[in-house]
Amino acid sequence: MFDDIVGQLAAHFELTLEREVRSYSSDELAERLAPLDGALVTLNERIGAAEIGSAGNLRAIANVGVGYNNLDLEALSAAGIVATNTPDVLTETTADFGFALLMATARRITEAEAFVREGRWRAWSFTTLLGADLHGSTLGILGLGRIGRAIARRARGFGMRVVYHNRSRLTPALEAELGASWLGFDDLLSASDHLVLVLPYTPASHHLIDARALARMKPTATLVNIARGGIVDELALADALAHGRLAGAGLDVFEGEPRVRPELLALKNLVLTPHIGSASLATRRAMVQLAVDNLIAAMGVGPNAGHPPSILNADALKAAGTGAAVAGAKNTTASKR
Ligand code: GLV
């Protein structure tokens, strides 16, 4: 992360820093969390009952990321541990990236670059690397939350028709402002020339885009996933892309990331990026700053003591009685990696 931002924690806590960026096993996480009072974590760390079992003093976990499927909120709340995430600060950057991935996929940018680099460009040809237009096409957005809405605003500038599906519809006023029309899930699949996935990953959205869903999409359509890999059945997607039942896909997230299935790596009509949706320097700094602010406040100190700006489980804050925690805060330990 950024030492100048994470270092702000040292004004309140004794810090233990895990500098190695890798996947920690459940046992390793449990061992590291055991002596801590608070922790700053990323989406690499899956934290639930097993990982907090020996962490008797743990009061707060600040996730650096808006998605928090890595945290078992029920287990954390039951243990009186406050959880926070980093919404809003990454919305526009992630929407920019969603659009970049959509354009790269529709216009086959990575395939085209490989074509040039590999010396396969022999003559200008009328039919080289023909792609799909964005302008005049229908953009489907699955999950019209903060990032989905920012993508919808960009789509209007590109002259696209925007349709969306959420379990609950937006107000007519918001639909009008965004120029977005609600469709049922199956209708969204069949209407979209380009479909962007921006919904949270929950048990209900696991493999939502499966063989059945893909079969409803146009064979000329593109699919972009900037949410979580587990929303897509990757083998069904690879099969659809390999057999011309879907024109192209852009994936920034993968079910077993950082591992990417060989079936996906073998495909040319797939743009692959390593989960970098929010990765502009300014936004990654803003995310770490928000996580640090959340952690300090959740631990009951600093200017927002007891009121973390983006709390996920307010019930835990009440249960933990953070006001009382202020007295013990000087001797506490927070961790980051
Ligand atoms: C990144 O995927 C995030 O959830 O912030």
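The values are calculated or read from the model by the stated rules, or taken from the named source; none is laboratory data. Remember, predicted model here, so these are calculated numbers, not experimental data. A quick note on method: Cβ atoms are made from the backbone with ideal geometry, for glycine too, and the neighbour counts reach across all protein chains shown.
At a glance:
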quantity: Among residues of the range 129-185, those that are under 21 Å from the mean Cα position of the chain (by Cα) and small (Gly, Ala, Ser), counted; calculated: 8
quantity: Residue among Leu129, Leu134, Leu139, Leu102 that alone is in a loop (DSSP other than H, G, I, E, B), under 25 Å from Glu177 (Cβ atoms) and not basic (Lys, Arg); calculated: Leu134
quantity: Every pair of residues 6+ apart whose Cβ atoms lie under 8 Å, when the first sits in the range 42-70 and is farther than 21 Å from Leu9 by Cα and among the polar types (S, T, N, Q) while the second is more than 11 Å from the ligand (Cβ to nearest atom) and assigned to a strand (DSSP E or B); calculated: Asn70/Val41; Asn70/Ile47
quantity: Evaluation of Gly67 against (1) more than 16 Å from the ligand (Cβ to nearest atom); (2) in contact with a Phe, Trp or Tyr (Cβ under 8 Å, 6 or more places away or on another chain); (3) not assigned by TED's automatic domain parsing to the domain that holds Arg228 (one fails), failing number; calculated: (1)
quantity: Number of the condition not met by Ser125 [criteria: (1) within 16 Å of the ligand (Cβ to nearest atom); (2) within 30 Å of Lys268 (Cβ to Cβ)]; calculated: (1)
quantity: Hits in the range 232-259 - residues which are of a type in the set (A, V, I, L, M), more than 16 Å from the ligand (Cβ to nearest atom) and in a loop (DSSP other than H, G, I, E, B); calculated: Leu246, Ala247
quantity: Count - residues of the range 196-212 that are buried (at least 21 other Cβ atoms within 10 Å of the Cβ) and either at pLDDT below 95 or away from the ligand (no atom under 16 Å from the Cβ) (or both); calculated: 1
quantity: Residue count for the range 180-230, restricted to those that are within 18 Å of Gly145 (Cβ to Cβ) and among the aliphatic types (A, V, I, L, M); calculated: 14
quantity: Odd one out for Ala298, checked against (1) buried (at least 20 other Cβ atoms within 10 Å of the Cβ); (2) out of contact with any strand residue (DSSP E or B) (no Cβ under 8 Å at 6 or more places or on another chain); (3) over 19 Å from Asp3 (Cβ atoms); calculated: (2)
quantity: Boolean, Ser23 is in a loop (DSSP other than H, G, I, E, B), of a type outside the set (Asp, Glu) and surrounded by fewer than 22 Cβ atoms within 10 Å (Cβ to Cβ); calculated: yes
quantity: Residue match in the range 220-228 (condition: in contact with a His (Cβ under 6 Å, 6 or more places away or on another chain) and more than 16 Å from the ligand (Cβ to nearest atom)); calculated: yes
quantity: Filter result (away from the ligand (no atom under 16 Å from the Cβ), surrounded by 19 or more Cβ atoms within 10 Å (Cβ to Cβ) and not small (Gly, Ala, Ser)) within the range 73-98; calculated: Leu76, Ile81, Val82
quantity: Within the range 244-291, considering residues that are under 14 Å from the mean Cα position of the chain (by Cα) and of a type in the set (Asp, Glu), the one surrounded by the most Cβ atoms within 10 Å (Cβ to Cβ); calculated: Asp252
quantity: Members of the range 260-289 that are assigned by TED's automatic domain parsing to the domain that holds Gly230, charged (D, E, K, R) and either closer than 23 Å to Thr220 by Cβ or within 14 Å of the ligand (Cβ to nearest atom) (or both); calculated: Glu263, Lys268
